[in-house]
Amino acid sequence: QVLSDVFNAPVYTIDTTNSACLGSAYRAIHGLVAETNVSLADVVKSAPEPRLAVTPTTGAEELYRPLLKRYAELEQKVIYNPASSC
């Protein structure tokens with residue numbers, strides 16, 4: 001639920017062991033075939049059917065939007081000027 005609320009997006013799951021690892025493997029395959037213009041949809045077409053697990057909580061976006069913006073600002077500060085973040 002937290003991921004759905006923070007990113008204001010529905011979360012889907014698949015009924016398989018280590019689904020996060022499977023997702024990472026599909027992204028890695030997609031990266032390997034990127035030069036051949038194969039879409040991610042084509043790479044995962046044999047994946048198990050996802051099911052909707054949760055949707056964002058009403059009003060959560062108003063809470064998390066400014067926090068995500070602040071996080072992005074801090075991340076950029078660390079990336080481009082790491083000495084000043086200490």
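For every residue, the table says whether it meets (1) β-branched (Val, Ile, Thr); (2) in contact with a helix residue (DSSP H, G or I) (Cβ under 7 Å, 6 or more places away or on another chain).
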| position | (1), (2) |
| --- | --- |
| Leu3 | no, no |
| Thr17 | yes, no |
| Ala25 | no, no |
| Glu35 | no, no |
| Ser46 | no, no |
| Pro50 | no, no |
| Thr57 | yes, yes |
| Tyr71 | no, no |
| Ile79 | yes, no |
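The rows are residues; the columns are (1) loosely packed, with under 14 Cβ neighbours inside 10 Å; (2) under 17 Å from the mean Cα position of the chain (by Cα); (3) β-branched (Val, Ile, Thr).
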{"residue": "Val6", "(1), (2), (3)": "no, yes, yes"}
{"residue": "Asp15", "(1), (2), (3)": "yes, no, no"}
{"residue": "Cys21", "(1), (2), (3)": "yes, yes, no"}
{"residue": "His30", "(1), (2), (3)": "no, yes, no"}
{"residue": "Leu40", "(1), (2), (3)": "no, yes, no"}
{"residue": "Lys45", "(1), (2), (3)": "yes, no, no"}
{"residue": "Ala53", "(1), (2), (3)": "yes, yes, no"}
Matching helices (runs of 4 or more DSSP H) fully within the chain where at least 3 residues are basic (Lys, Arg) and without any contact (Cβ under 8 Å) to a residue 60 or more places away in the chain: 60-80
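Quick note: the coordinates plus some simple rules give every number you see, no bench work behind them. In this text the structure is predicted, and so the values were computed from the model without any measurement. All Cβ positions, glycine included, derive from the backbone under ideal geometry; neighbour counts span all protein chains shown.
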